[in-house]
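Participant: Take a look at the following structure, please.
The values are calculated or read from the model by the stated rules, or taken from the named source; none is laboratory data. Predicted model only: the values in this text are computed from it and were never measured. We place every Cβ from the backbone using ideal geometry, glycine too, and count neighbours over all the protein chains shown. All accessible areas refer to the heavy atoms of the entire protein, side chains included, with ligands and DNA or RNA removed. Shrake-Rupley method; radii C 1.70, N 1.55, O 1.52, S 1.80 Å.
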Amino acid sequence: MKKFDKERVLLALAGPAIALVVAVALTSIVLIVSGKSPFEPYSIMFEQATFSDIQVLIINQATMYYLAAVAVAVGFRMNLFNIGVDGQYRLAAMTTALVGAHIALPSFLQVPMLIIVAMLTGAFWAGIAGVLKTTRGVSEVVATIMLNAIATSLIAWLTLTENFGVAVGNNSTTGEMKESGWVSGFEGAGGEIYGLIVLAVLVGIAYWLVLGRTRFGFDLRATGASESAAAASGVNAKRMVLTAMLISGALAGLAGLPILLGDSHTYGLTFPTGLGFTAIGIALLGRNHPVGIAFAALLWAWLDKASQELDYKGYDKEIAVIMQGLIVLAVVISYEAVRQWGLKRQQQRVGEELAAAARKSKSNEEVAAR
């Protein structure tokens, strides 16, 4: 790995570390003010992370967080705020569940088909906001917020029993999917890890390669930095905006698949919600880098799962919610601190390269003079 790449990875990891330290310090102050121990809740949560069943829950939750956060990060790299990831992944999961419940193909065809359906649904829903922005100048923030509300209503209507809904007790579902669309996981001592964790890893690798190692990725990042400068260099800025929204939506469509294909096998009222909003904080915390996002997703999932034991120890599990909120606030501080450090390192590196070039030039001149 090149030195520059190593520094970028370190910068990506520094964000979660700094934010966690700041959040722990501020949460400790809150605990002290409330008359409780500032240390015991953390020891309880760290102890929970040593249990194999909790570890499985953390990894499974982090898998979904990671996919959603990468979808958000694609928008951020383009200077777009796709706040509609939540609606995109929920609509994609519902559509995928419907297709999986009514179509049965061999497993080697069924699973790829369901993945494609999820990606197309998410891309379509995000593409609406992309078209509105490129043709009418509508802010993607406003458009995606409205589309989230529309997605919620559309899902509620489609899952009515008179439409496609199947009542299971008090839960309105899409019906159980055909077994050929189920994805088995990896059995461990603490339970089963979602099989689509492999998909999350592949998405992370593809994200890193495409955005950091291709001309398309350079054009996307350049357009996000300055549309006018990108246009001057021959890049179609509007097309890049629409493409980024489509890609972001397609990745968002994958966020609900690990639990849909690996566990619940249906979409209903109990299906996880809010992943898209959580993913915004995770993407920021990971500095939009695939490695940083992975650690941020694990951190967030740990706070979610390990905090549940606090209720049984006389502490409020909302302590973890406070920490998550403080982490988001700390992101702003850590982002700026790490950015300043990165700029300083870049300036030092350029200075060293210029000094080395000057010494080499002077040496060549002395040799020529002799």
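Participant: Does region 157-170 include one or more residues that are β-branched (Val, Ile, Thr) and closer than 27 Å to Gly292 by Cα?
Facilitator: No, the conditions are met nowhere in region 157-170.
Participant: Moving on. For Ala250, all conditions in the list (1) touching a residue at least 12 places away in the same chain (Cβ under 8 Å); (2) over 21 Å from Thr121 (Cα atoms) hold save one; what is the number of the exception?
Facilitator: Against the list (1) touching a residue at least 12 places away in the same chain (Cβ under 8 Å); (2) over 21 Å from Thr121 (Cα atoms), Ala250 comes up short only on (2).
Participant: May I ask you to list the residues in region 328-349 that are over 30 Å from Phe277 (Cα atoms) and modelled with pLDDT of 75 or more?
Facilitator: Lys344, Gln347, Gln348, Arg349
Participant: Considering only region 15-49, state which residues are touching a helix residue (DSSP H, G or I) at 6+ places or on another chain (Cβ under 6 Å) and of a type outside the set (A, V, I, L, M, F, W, C).
Facilitator: Within region 15-49, Gly15, Pro16, Thr27, Pro38, Pro41, Gln48 qualify.
Participant: Looking at Phe271, Phe277, which is the one that is of a type outside the set (Lys, Arg) and over 11 Å from the mean Cα position of the chain (by Cα)? Write out each step before concluding.
Facilitator: Numbers: Phe277 fails: over 11 Å from the mean Cα position of the chain (by Cα).
Going through Phe271, Phe277 in turn, just one is of a type outside the set (Lys, Arg) and over 11 Å from the mean Cα position of the chain (by Cα): Phe271.
Participant: I'd like the full set of residues that are among the hydrophobic types (A, V, I, L, M, F, W, C) and either in contact with a helix residue (DSSP H, G or I) (Cβ under 7 Å, 6 or more places away or on another chain) or within 11 Å of Pro290 (Cβ to Cβ) (or both), limited to region 203-228.
Facilitator: Listed by number, the residues that qualify are Val203, Ile205, Ala206, Trp208, Leu209, Val210, Leu211, Phe216, Leu220, Ala222.
Participant: Of all residues in region 160-175, which are within 23 Å of Leu67 (Cβ to Cβ) and either among the charged types (D, E, K, R) or in a loop (DSSP other than H, G, I, E, B) (or both)?
Facilitator: Answer for region 160-175, where residues must be within 23 Å of Leu67 (Cβ to Cβ) and either among the charged types (D, E, K, R) or in a loop (DSSP other than H, G, I, E, B) (or both): just Thr174.
Participant: Considering region 289-316 alone, what residues qualify as being assigned to a loop (DSSP other than H, G, I, E, B) and buried (at least 22 other Cβ atoms within 10 Å of the Cβ)? Give the steps one after another, and end with the answer.
Facilitator: As a first pass, look at region 289-316 and keep what is assigned to a loop (DSSP other than H, G, I, E, B): 289, 314-316.
His289 - this is the single residue of region 289-316 that is assigned to a loop (DSSP other than H, G, I, E, B) and buried (at least 22 other Cβ atoms within 10 Å of the Cβ).
Participant: Do we have Ala118 as aliphatic (A, V, I, L, M), buried (at least 18 other Cβ atoms within 10 Å of the Cβ) and not in a loop (DSSP other than H, G, I, E, B) here?
Facilitator: yes
Participant: Which count do you get for residues in region 251-269 that are under 23 Å from Asn82 (Cβ atoms) and surrounded by 24 or more Cβ atoms within 10 Å (Cβ to Cβ)?
Facilitator: Number of matching residues: 10.
Participant: Select from region 167-186 the residues that are among the hydrophobic types (A, V, I, L, M, F, W, C) and touching a residue at least 40 places away in the same chain (Cβ under 8 Å) and list them in ascending order.
Facilitator: Val168, Met177, Trp182, Val183
Participant: Are there any pairs, at least 6 apart or on different chains, whose C-beta atoms fall under 7 Å, with the first in region 79-108 and under 24 Å from Ile247 (Cβ atoms) and the second among the charged types (D, E, K, R), and if so, which?
Facilitator: Leu80/Glu140; Phe81/Glu140; Asn82/Glu140; Gly100/Lys178
Participant: How do the helices (runs of 4 or more DSSP H) wholly within region 177-237 filter down when requiring 1 or more residues that are modelled with pLDDT of 95 or more and open to solvent by 40 Å² or more (accessible area, probe 1.4 Å): which remain? Steps first, answer last, please.
Facilitator: Working: elements: 197-213, 215-225, 227-232.
Output list reads 197-213.
Participant: Does at least one position in region 304-312 carry a residue that is at pLDDT 85 or above and in contact with a Leu (Cβ under 8 Å, 6 or more places away or on another chain)?
Facilitator: Within region 304-312, one or more residues are at pLDDT 85 or above and in contact with a Leu (Cβ under 8 Å, 6 or more places away or on another chain).
So that you can scan it fast, the table gives a plain yes or no per residue for (1) farther than 19 Å from Ala294 by Cα; (2) in contact with an Asp or Glu (Cβ under 9 Å, 6 or more places away or on another chain); (3) of a type in the set (Val, Ile, Thr):
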residue	(1), (2), (3)
Leu57	no, yes, no
Ala62	no, no, no
Ala71	no, no, no
Gly87	yes, no, no
His102	yes, no, no
